[in-house]
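Novice: Structure below; questions to follow.
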């Protein structure tokens with residue numbers, strides 16, 4: 001079993017993609033289960049080049065994961081969401097952007 005390592009601040013996400021080891025085994029678990037929307041987006045980006053992405057997502061759906069980034073998708077309270085909002089009341093522009101994202105995902109057949 002590989003231990004997760006903390007990355008140096010100058011480590012680029014590109015340095016982690018396209019390796020034999022999935023990024024989730026190289027980065028601390030805190031990134032995949034963060035409350036910070038920026039960190040969750042970084043975790044999603046790390047998943048894009050992972051060869052296990054589809055299997056990871058299928059497994060998370062089968063296990064009904066409650067939270068975290070699985071297969072490049074964010075799970076929050078048992079539901080898959082496009083992105084996590086920061087704490088506080090969202091602006092009207094943010095709400096409009098979220099509605100556009102949701103409509104595009106629905107049109108593409110993505111939950």
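Novice: From 68, 59, grab the single residue that is under 27 Å from residue 27 (Cβ atoms), modelled with pLDDT of 90 or more and assigned to a helix (DSSP H, G or I). First the steps, then the outcome.
Specialist: Values: 68 fails: assigned to a helix (DSSP H, G or I).
Just a single option satisfies the conditions, and that option is 59.
Novice: When you go through (1) on the phi < 0 side of the Ramachandran plot; (2) exposed (fewer than 11 other Cβ atoms within 10 Å of the Cβ); (3) modelled with pLDDT of 90 or more one by one for residue 87, which number turns out not to apply?
Specialist: Checking residue 87 against (1) on the phi < 0 side of the Ramachandran plot; (2) exposed (fewer than 11 other Cβ atoms within 10 Å of the Cβ); (3) modelled with pLDDT of 90 or more, the one that fails is (3).
Novice: Which of the residues that make up the stretch 42-68 are surrounded by fewer than 14 Cβ atoms within 10 Å (Cβ to Cβ) and within 16 Å of residue 83 (Cβ to Cβ)?
Specialist: Result: 48, single match.
Novice: Follow-up. Test residue 93 against the stated conditions and say whether it is at pLDDT 95 or above and either touching a strand residue (DSSP E or B) at 6+ places or on another chain (Cβ under 8 Å) or surrounded by fewer than 17 Cβ atoms within 10 Å (Cβ to Cβ) (or both).
Specialist: No; evaluated as a whole, the condition is false for this residue.
The values are calculated or read from the model by the stated rules, or taken from the named source; none is laboratory data. In this text, all values refer to a predicted model and were calculated from it rather than measured experimentally. When we count neighbours, we look across all protein chains shown, and the Cβ atoms used for this are built from the backbone with ideal geometry, even at glycine.
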